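Undergrad: The following block contains the structure, expressed as structure tokens.
Where a number appears in this text, it was derived from the coordinates with a stated rule and is not lab data. Not measured: the values here are computed from a predicted model. Cβ atoms come from the backbone with ideal geometry, glycine included; neighbour counts cover every protein chain shown.
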Amino acid sequence: MTETTFTPRVFSGIKPSGGLTLGNYLGAIKRFVGMQGQMETVYCVVDLHAITVWQDPKELANMTREVAAGYLAAGLDPSQSILFNQSQVAAHAELGWIFNCVARVGWMNRMTQFKDKAGSNAEKVSLGLYAYPSLMAADILLYHATHVPVGEDQKQHVELTRDIAAKFNHDFGVDFFPMTEPVIEGPAMRIMNLRDGTKKMSKSGESDMERINMTDDADKIAKKFKKAKTDPEPLPETLEGLDGRPEAKNLVEIYAALNDQSAEAVIGEYAGAGWGRFKPALADLAVEKLSPIADEMARLMADPAEIDRILSEGADKAREIANPILRDTYGIVGLLRGQNQF
Ligand code: ATP
Ligand code: MG
């Protein structure tokens, strides 16, 4: 069988499960913006993923707009990227079901994020939370996406996406879905919780003090970095000196990512500095980079109808790519549907 060449295309998404964090910005949005213009880019607010845990319906609609506002404020341009929310394109859920029938229970049982999120409560969480990575594979493969920029925490899910694509292609004897590459590079692929350097910063984390929100004002940002957990040592002379110091390493990496520098360069500049010097410098840098985005998000959020219009136009464009791929998938699987029903 000759190998199909797939047009380079980027897909990624963020759940509207809470306000955007610095982790979402550095690990995802900033990099989404960087890929815009280099190849076709499709960016989604994945609301169907958000409801895998309880969401207040009124809040969900607002959070969906807020994630969209974060995308736009950080520089995503609807004339260059397709921006939409997942639930407007029904094909995501439809392909998700087909992939539920391709993925194996044993594969899902290995997903570490499910174990983290379900904790000791695994019997009581939704079936959707368990199946989530298979819907994520559908999100990606519905666009035949070749590249998926994500934070380090999503690596395992992109690998599962490749397993699903490979099994589908093998089972049906086709070369239809691409082997998508996760794009995980740069100094900030796993921003850690400010109160516990062994846990990831997450928008759904318990305490507001453990994360920087993209909408936090200058005072809040300064306060959160000031209270961030560290150790008593000053910054080391070399990068290796950060080994075994997760909180210190995290703050250096945040600084590096915000300032488009390497962690080595930051250590070069601040070797020997105490936290009394480094933390205020980090807070100033974060305010400088984040406050213009927060201001623009507030401006956009004042006109929700305009955000809704952008998302709906984006959904029209997304369907133009997704529906023919779903149509061909139905044909491959042997599901009957009239050609004009896609
Ligand atoms: P939740 O707590 O609801 O899972 P989240 O903050 O983990 O929210 P997601 O919507 O799950 O956000 O992930 C959106 C994108 O942001 C993904 O690409 C993910 O890898 C990235 N991301 C999330 N948290 C971090 C982090 N701490 N560091 C780097 N990237 C992150
Ligand atoms: Mg997450």
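Undergrad: Which trypsin sites (Lys or Arg not before Pro) in the stretch 32-132 pass both tests, a DSSP loop state and at most 13 other beta-carbon atoms within 10 Å?
TA: Here the trypsin sites (Lys or Arg not before Pro) that fit, given the DSSP loop and packing criteria, are R104, R110, K124.
Undergrad: Put a dot 7 Å past each Cα toward the Cβ at K155 and H170; how far apart are the dots in nm?
TA: If labels sit at H170 and K155, their model points lie 2.3 nm apart.
Undergrad: Related question: Based only on other Cβ atoms within 10 Å, what is the fewest-to-most ordering of L335, L60, L135?
TA: Taking fewest neighbouring Cβ atoms as first place, the list is L335, L60, L135.
Undergrad: Charges only on Cβ, +1 for Lys and Arg, -1 for Asp and Glu: so what's the dipole of the chain about the Cα centre, in debye to the nearest 20?
TA: Dipole about the Cα centre, nearest 20: 740 debye.
Undergrad: Now for a separate question. At 0.36 nm per residue, minus the direct Cα-Cα distance, what do A118 and D303 gain on full extension? Give it in nm, one decimal, please.
TA: Length gained between A118 and D303: 62.9 nm.
Undergrad: Below 8 Å, C-alpha to C-alpha, sequence gap of six or more: please give me the relative contact order for the stretch 208-299 in percent.
TA: Result for the stretch 208-299 is 38 percent.
Undergrad: Would you mind checking K199/K249; K227/K289; K203/K249; K15/K155; K15/K117; K30/K317 for any pair whose Cα atoms are more than 18 angstrom apart?
TA: Pairs exceeding 18 Å: K227/K289; K203/K249; K30/K317.
Undergrad: In addition: Over the chain, what is the mean sequence separation of C-alpha contacts under 8 Å (at least six apart), divided by residue count, expressed as relative contact order in percent?
TA: Reported relative contact order: 22 percent.
Undergrad: Right, here's the next one. With unit charges on the beta carbons (Lys and Arg positive, Asp and Glu negative) and the dipole taken about the Cα centre of the chain, which residue among L135, T21, M297 sits farthest to the positive side?
TA: L135
Undergrad: Build a GNM of the chain with springs between Cα atoms under 10 Å: which of A294, A305, A69 gets the top mean-square fluctuation?
TA: A305
Undergrad: Also: Under a crude label model (7 Å from the Cα following the beta-carbon direction), how far is D163 from Q80 in nanometres?
TA: 3.6
Undergrad: Can you tell me the dipole magnitude for the stretch 1-127 around its Cα centre, using point charges on the Cβ only (Lys, Arg +1; Asp, Glu -1), in Debye to the nearest 20?
TA: For the stretch 1-127, the charge dipole is close to 320 debye.
Undergrad: Now a separate question. For the chain, take the longest principal axis of its alpha carbons; what is the angle in degrees between that and the long axis of helix 155-172, to the nearest 10 within 0 to 90?
TA: Taking Cα atoms only, the helix is inclined about 10 degrees.
Undergrad: To continue, here is another question. Step through the residues of the stretch 218-233 one at a time and calculate ³J(HN,Hα) from phi using the Karplus curve (6.51 cos²θ - 1.76 cosθ + 1.60, θ = phi - 60°), rounding each to whole Hz and writing x for Gly and Pro.
TA: Running phi through 6.51 cos²θ - 1.76 cosθ + 1.60 with θ = phi - 60° gives 4, 5, 5, 4, 4, 5, 5, 5, 4, 7, 4, 5, 9, 10, x, 6 Hz.
Undergrad: Here's a follow-up. Report relative contact order for the stretch 3-107 in percent, whole number only (criteria: Cα-Cα under 8 Å, sequence separation at least 6).
TA: Answer for the stretch 3-107 is 33 percent.
Undergrad: Please work out the ratio of the alpha-carbon Rg of the chain to 2.2 N^0.38 Å and round it to two decimals.
TA: Ratio of Rg to 2.2 N^0.38 Å for the chain: 1.03.
Undergrad: Can I ask one more? Kindly express, to the nearest 10 degrees and within the range 0 to 90, the angle between helix 91-100's C-alpha long axis and the longest C-alpha principal axis of the chain.
TA: So the helix axis and the longest Cα principal axis differ by about 90 degrees.
Undergrad: Also, I was wondering about something else. Given the rule -39500 (n - 2.57) for each run of at least 4 DSSP H residues, summed and divided by the residues of the chain, what is its mean residue ellipticity at 222 nm, to the nearest 500 deg cm²/dmol?
TA: -16000 deg cm²/dmol
Undergrad: Still on this structure: Take S207 and E59, extend 7 Å from each Cα along the Cα→Cβ direction, and tell me the distance between the two endpoints in nm.
TA: So the two model labels end up 1.9 nm from each other.
Undergrad: Would you work out which of I98, G75, T52 lies farthest towards the positive end of the dipole of the stretch 44-166, given +1 charges on the beta-carbon of Lys and Arg and -1 on that of Asp and Glu, about the Cα centre?
TA: I98
Undergrad: Nearest 0.05, what FRET efficiency do L336 and T4 give at R0 = 25 Å with Cβ-Cβ as r?
TA: That pair, L336 with T4, gives E of 0.50.
Undergrad: Let me ask something else about it. Which of I310, M111, F168 sits closest to the plus end of the dipole of the chain, meaning its Cα is farthest towards the positive end, when Lys and Arg get +1 and Asp and Glu get -1 on the C-beta?
TA: Most positive-ward Cα: M111.
Undergrad: While we're here: What's the angle, to the nearest 10 degrees (0 to 90), between helix 127-141's Cα axis and the longest principal axis of the chain?
TA: So the inclination is approximately 80 degrees.
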